[in-house]
Number of protein chains: 2
Amino acid sequence: MKKSPLAPVSFPDLPEIKGLRLAALAVGVKYKGRKDVMLAELAPGSTIAGVFTKSKTCSAPVDWCKKILPKGRARAIVVNSGNANAFTGKQGERDVKTMVAAVARSLKCPQNQVYVASTGVIGERLPVERISKVAVKLSSSLKSNRWLQAASAIMTTDTYPKGASVTAEVYGQTVTIAGIAKGSGMIAPDMATMLSFVFTDATIPEDLLQKQLKKAADQTFNCITVDSDTSTSDTLLLAATGQVDHQPVKNEKELKSFQSALQTVLTDLATKVVKDGEGASKFITVDITGAASAKSARTIGMAVANSPLVKTAIAGEDANWGRVVMAVGKAGEKADRDRLSIAMGETTIVTRGKLNPNYDEAVVTKHLKGTDITIKVDVGVGKGKARVWTCDLTHDYISINADYRS
Amino acid sequence: MKKSPLAPVSFPDLPEIKGLRLAALAVGVKYKGRKDVMLAELAPGSTIAGVFTKSKTCSAPVDWCKKILPKGRARAIVVNSGNANAFTGKQGERDVKTMVAAVARSLKCPQNQVYVASTGVIGERLPVERISKVAVKLSSSLKSNRWLQAASAIMTTDTYPKGASVTAEVYGQTVTIAGIAKGSGMIAPDMATMLSFVFTDATIPEDLLQKQLKKAADQTFNCITVDSDTSTSDTLLLAATGQVDHQPVKNEKELKSFQSALQTVLTDLATKVVKDGEGASKFITVDITGAASAKSARTIGMAVANSPLVKTAIAGEDANWGRVVMAVGKAGEKADRDRLSIAMGETTIVTRGKLNPNYDEAVVTKHLKGTDITIKVDVGVGKGKARVWTCDLTHDYISINADYRS
């Protein structure tokens, strides 16, 4: 698989998070000769927050994570690629428990503090023994600086590992947030899409941590789409190891810097997922303004970002703005055709329903020849706005997906 | 453009409908050297019913048709291909009126009995003079047997003209229903999709005609999807010329045979639209049973039919039923993972959440090598059912749409 043309030059240099150690091994769940299992160990007392797929056919690991999340405490996250352990019935549940028990034993921690995520093929039984029998080996190889290995082990059709980090202030103390993500197909809105694991050394109670995560996810992972298809396994976890000794956080006001930093990290990870969208050759930012509400703006943005006709037009470097009009119209949200404004790149094409008399298509065509495309739409009815991200739809998407499993 | 591999052998031999005459001309709206305007003339007293796109950016012709529909009477339908007269503002409204006035003059009929439809590029002004100046010539070339010419004149990226007919009984008298349709991209649910014009010589009051059409459209045109994109111009009209002298129809009970016949014609036309879906190489029928309601079944069916991952798997002849599970899950409707059953062709793959122990993938793979694919899903929660139709997603879809406009 050739690397996405939108890939960053290299994996970022991620900082150590006190209270977090990582390990990754090649156990041959499905792929041969590459790391496919990762373990994150968290210091005792670490809090955790999570958001998961809303799929009605969600995987056994997602069911497990949802079940233990209300406790708010985590000591480990174990993840495998190659098999999603989804649509595997009661056997799938037993296999999750086998994984959890093995990790809990090796780390001497409670089972209900071991989170699990699996990604890959749906409907095949997970070869769980291959994972459970290396639990001790995984535990003994834990190190604080194994970011690249961990990010690589969770990849499926991803063409590059994804990581991001940033610092924030809590009560004047510097805390760090760093995380990894994977995902390139089956990426769609309204979910904490695919797998992402984010860590901080800050000390944040689980209820506040959950609020912070939900808020940031809604404006980042829930605003990306590759192909409108929703995974059965989408999982986003945020763990706080509590190793920075700042004053106890009692309310959200103390977390303004943290919230902003978290959103920065999640945006970085989410857009990296889009840039590795299957077959992506262009990264597209869709900005919607003037909508009836933020929710309405997001719906319209997603209608544009999910439209196969818009995405193929961008792939073909065709300034076919009529397809943007179509997509706004089909969203079903309030919009005023005679107040609609559309721009691509820096070029205003339509203002208040009328073609800009100075519109020069050649300038837009030049913009479309780049890899970083922007579409701006003002729908002319209110003050709601949203930004969503997607990629184009190319021959490579078809090639990858007409032959993924075999 | 090469003809769809799913095209019928030939255009059907459609019968004459008393009270209907058709004409088609090449006027060069956009395409050169092919018919691109069609006129249907209806006998005085003809009733009409219509369903239209729900797009918030619908075209000027759709606005016009919606405005005059409550009168329930029609004398003419004029249609052009090559330009949708959509997103053309006040000028677009004026251009519709110019077309209407020219046709009304040439047929000496009221303007509010002249229906208009336009299909093609969005956002460019319609060259209306080219159409209005041939109104007299169109009127003078009206003939009762111009079905093929009319069906050809309304095509855009269609690769073959589409027609269908059937007979029914009303009070023991034989009536005929015949119609034409077009559409190959921007085809999506919840709309009277693209353009279709259906005629009958029966005598049916407009309110009953509208009920009949709505009911039939919901189970035919509103159950097809090519690419999930919704046109700004979708229009389905049904006109009754009242030339068969049966007893006056007072309620729906008298129209059982007619309703069934209408549904047959619309199914024929709607599936012909799918079989001409851009880049289609396989025709896919999705049957959903065991849903909470018929509406829920349709939503699930559409989630399967719109899933790029399901559609590319079929294109690749890959028996990847896990993607069907994913699509059912993302629909957001009630479904029981542990009671889900899935079949492809005649092969049961999953029964009540468990892989069929006798499942032989080779048999499904053989089915997928054909062109007529069936996917059956029982979601295990109720008695709701629905059938929807779609086509696969291929390299040709990308090729056609990355370069449509230029």
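Given the structure, is B:Ala315 at pLDDT 90 or above and within 7 Å of chain A (Cβ to nearest Cβ)? Explain how you work it out, then say what you get.
On the way: at pLDDT 90 or above: yes; within 7 Å of chain A (Cβ to nearest Cβ): yes.
Yes.
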*Would you point out the residue of the range A:61-92, among those that are among the hydrophobic types (A, V, I, L, M, F, W, C) and at the interface with chain B (Cβ under 10 Å from one of its Cβ atoms), that is farthest from the chain's Cα centre (by Cα)?*
A:Phe87
*Take the range B:362-405 and flag every residue that is more than 19 Å from B:Val286 (Cα to Cα) and not aliphatic (A, V, I, L, M).*
B:His395, B:Asp396, B:Tyr397, B:Ser399, B:Asn401, B:Asp403, B:Tyr404, B:Arg405
*Can you give me the number of residues within the range B:201-221 that are at pLDDT below 90, surrounded by fewer than 24 Cβ atoms within 10 Å (Cβ to Cβ) and of a type in the set (S, T, N, Q)?*
1
*Quick one: would you say A:Ile373 is more than 28 Å from B:Glu124 (Cβ to Cβ) and in contact (Cβ under 8 Å) with a residue 24 or more places away in the chain?*
no
*asked:* If B:Asp396 meets every condition in (1) over 24 Å from the mean Cα position of the chain (by Cα); (2) of a type in the set (D, E, K, R); (3) within 14 Å of another protein chain (Cβ to nearest Cβ) apart from one, which number is that one?
replied: (1)
*From the list B:Val51, B:Val37, which residue is crowded, with 20+ Cβ neighbours inside 10 Å, of a type outside the set (Ser, Thr, Tyr) and modelled with pLDDT of 90 or more?*
B:Val37
*Just one of A:Ala23, A:Ala101 is surrounded by fewer than 24 Cβ atoms within 10 Å (Cβ to Cβ), of a type in the set (Gly, Ala, Ser) and in a strand (DSSP E or B); which is it?*
A:Ala23
*asked:* Can you pull out every residue in the range A:376-405 that is of a type in the set (A, V, I, L, M) and touching a residue at least 40 places away in the same chain (Cβ under 8 Å)?
replied: A:Val377, A:Val379, A:Val381, A:Ala386, A:Val388, A:Leu393, A:Ile398, A:Ile400
*Only one of B:Ser46, B:Ser81 that is assigned by TED's automatic domain parsing to the domain that holds B:Gln243, among the polar types (S, T, N, Q) and farther than 30 Å from A:Ala335 by Cα*: B:Ser46
_Please go through the range B:42-60 and give me each residue that is in contact (Cβ under 8 Å) with a residue 12 or more places away in the chain, in contact with a helix residue (DSSP H, G or I) (Cβ under 6 Å, 6 or more places away or on another chain) and of a type in the set (D, E, K, R), ordered by number._
none
_Being in contact with a helix residue (DSSP H, G or I) (Cβ under 6 Å, 6 or more places away or on another chain), closer than 21 Å to B:Gly72 by Cβ and free of Cβ contacts under 8 Å to residues at least 40 places away in the same chain is the filter here; which residues of the range B:102-113 pass it?_
B:Ala104, B:Gln111
*asked:* For the range B:45-59, give me each residue that is at the interface with chain A (Cβ under 10 Å from one of its Cβ atoms) and either farther than 23 Å from B:Thr98 by Cα or touching an Asp or Glu at 6+ places or on another chain (Cβ under 7 Å) (or both).
replied: B:Thr53, B:Lys54, B:Ser55, B:Lys56
_A:Leu14 surrounded by fewer than 24 Cβ atoms within 10 Å (Cβ to Cβ) and farther than 20 Å from A:Ala164 by Cβ_ = no
*Look at B:Leu262 and say whether it is under 30 Å from B:Thr159 (Cβ atoms), in contact (Cβ under 8 Å) with a residue 12 or more places away in the chain, touching a Phe, Trp or Tyr at 6+ places or on another chain (Cβ under 9 Å) and in the same structural domain as B:Ser196 (by TED's automatic domain parsing).*
no
*Within the range A:57-74, identify whether any single residue is at pLDDT below 95 and more than 21 Å from A:Leu213 (Cβ to Cβ), and answer yes or no.*
yes
*Are there any pairs, at least 6 apart or on different chains, whose C-beta atoms fall under 9 Å, with the first in the range B:318-341 and touching a residue at least 12 places away in the same chain (Cβ under 8 Å) and more than 7 Å from chain A (Cβ to nearest Cβ) and the second aromatic (Phe, Trp, Tyr) and crowded, with 23+ Cβ neighbours inside 10 Å, and if so, which?*
B:Leu340/A:Phe87
*Look at A:Ile300 and say whether it is within 20 Å of B:Thr53 (Cα to Cα), more than 9 Å from every other protein chain (Cβ to nearest Cβ) and in contact (Cβ under 8 Å) with a residue 12 or more places away in the chain.*
yes
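The values are calculated or read from the model by the stated rules, or taken from the named source; none is laboratory data. Only a predicted model underlies this, so the values are computations on that prediction, with no experimental measurement involved. Ideal geometry is used to build each Cβ from the backbone, glycine not excepted, and the neighbour counts take in all protein chains shown.
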